[in-house]
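The next block holds one structure in the form of structure tokens; read it before the comments.
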Amino acid sequence: MFTNISWPDYITYVATATIIYYIVIGLKYFRNDLADTFASKRSGRSETLFMEEEHQERDFPLGEDKPVFFETSTDQDFDDVEELIARIKEIVAKSAHLEVQTGDFKKYLGLTLNEYPSIKKSALRASVNELIVSECQKNGTVKLSMDEVDLLW
């Protein structure tokens, strides 16, 4: 019964079945990762994955800032950002109502930002900084620049 199948035919069938098996497994378990990979290539974005060695301290010439390495954002980070946004809006509104001094406002805002260490190294940090600056301008409390807000972290 098995004498009618040659070795090259057997190897071809096994290789084809193996390839189909791994394609099915890849699509079933890694569909989102594959979609993200292909979407980023189509949109022209290039994502850099940082290894642990790249996070180590390096010597930089005077006058140059050390680069900030951002971690990837998780669902928990987004939940934390939503909570932080609500707190920032509340703080800015209360500060405008109570006419809080600039130094006190910065201290309280800094303490609030320090309660969210996951956002500090997140790519969402820049968006939070922009929100703080715009809320302060909108409510007319304290005028803060992006650099000042960045130092509060």
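Please treat every number below as a calculation from the coordinates, not as lab data. Keep in mind that this is a model prediction, so the values were computed, not measured. Here the Cβ is made from the backbone with ideal geometry for all residues, glycine too, and neighbour counts use every protein chain on show.
Listing for the model above:
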item: Added length on full extension, which subtracts the Cα-Cα distance from 0.36 nm per residue, Thr3 to Tyr29; result: 5.5 nm
item: Karplus (6.51, -1.76, 1.60) ³J(HN,Hα), θ = phi - 60°, over region 6-11, in Hz, Gly and Pro reported as x; result: 8, 4, x, 5, 4, 5
item: Local net charge near Val133, Cβ-Cβ under 12 Å (Lys/Arg +1, Asp/Glu -1); result: -3
item: Label-to-label distance, nm, for residues given as Lys121 and Arg87 (7 Å Cα→Cβ offset); result: 1.9
item: Debye, to nearest 20: dipole size of region 75-152, +1 on Lys, Arg Cβ, -1 on Asp, Glu Cβ; result: 300
item: Computed FRET value (nearest 0.05) for Ala39 with Gln76, which takes r as the C-beta separation and R₀ as 25 Å; result: 0.65
item: Relative packing of peptides 139-148, 119-128 - highest average C-beta neighbours within 10 Å first; result: 119-128, 139-148
